[in-house]
Amino acid sequence: MSELLALAMFLVFVALILSGYPVAFSFAFTAVVFTFVGLGIDAFEAVQLRALSSRWFGYVSDPNLLAVPFFVYMGAIFEKSGQAERLLTGIGRLFGPVRGGMAFSVVVVGTMLAAATGVTAATVIVMGLISLPTMVRYGYDHRVATGVIGASGTLAQIIPPSLVLIVL
């Protein structure tokens, strides 16, 4: 019975997001409604709800989670200070004569930015803002340019100071 409840909860959550509700409100609404539904159909006992606060405190008090806001802050500083753009320009000059040199430089800078931020979305957004106009100006196809930027951003998940690796 609880498997069907979990499936229904997922479907309601997806429907709420697709209808345009913000993610936070969709999470909250789905959790509250399905808590009462689960209690109503005896999928779990109310005593189990009392144990949640102690489990949450155990997870939140983990000092490894301090890395999450610090990595995001470091990535924001890296982008706002202009260091990422200067790094892209410098490595672009290094790979200048090589065919596809700008794509190589985007991957290298994306790797360094991924190591600095640890967040895939931050890397892709910063590299998209910085390198996409430059790559299009140099004659790269939009699909190739966005593919290179996306590939360089996904390196954030496998480079050791990654948020995904820290949280896992």
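The values are calculated or read from the model by the stated rules, or taken from the named source; none is laboratory data. Because the structure is predicted, anything quoted here is derived from the model rather than measured. All Cβ positions, even for glycine, are placed from backbone atoms using ideal geometry, and neighbour counts span all protein chains on display. For the accessible areas, the whole protein counts, side chains as well, though only heavy atoms, and no ligand, DNA or RNA atoms are used. Shrake-Rupley method; radii C 1.70, N 1.55, O 1.52, S 1.80 Å.
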- Using alpha-carbon coordinates, inclination of helix 83-94 to the longest axis of the chain, degrees: 40 degrees
- Task: Could you state the angle between the C-alpha long axis of helix 2-18 and the longest principal axis of the C-alpha atoms of the chain, as a value from 0 to 90 degrees rounded to the nearest 10?
- Result: 50 degrees
- Most fluctuating residue of T134, T154, T30 in a GNM of the chain with Cα springs under 10 Å: which is it? T30
- Which angle from 0 to 90°, rounded to the nearest 10, does the C-alpha axis of helix 101-117 make with the longest principal axis of the chain? 40 degrees
- Note on the structure: Listed residues A43, A145, A67; largest mean-square fluctuation, Gaussian network over the chain with Cα springs below 10 Å, found at A43
- Query: With Rg and the Kirkwood Rh both taken from Cα atoms, where does Rg over Rh land for the chain?
  - Reply: 1.15
- Task: Could you state the accessible area per residue of segment 1-149 in Å², with a 1.4 Å probe and every protein chain left in place?
- Result: 66 Å²
- Applying 1/(1 + (r/R0)^6) with R0 = 41 Å to the Cβ-Cβ distance of N64 and V12, what FRET efficiency is obtained, to the nearest 0.05? 0.80
- Carbon plus sulfur fraction of accessible area for the chain, probe 1.4 Å, in percent: 72 percent
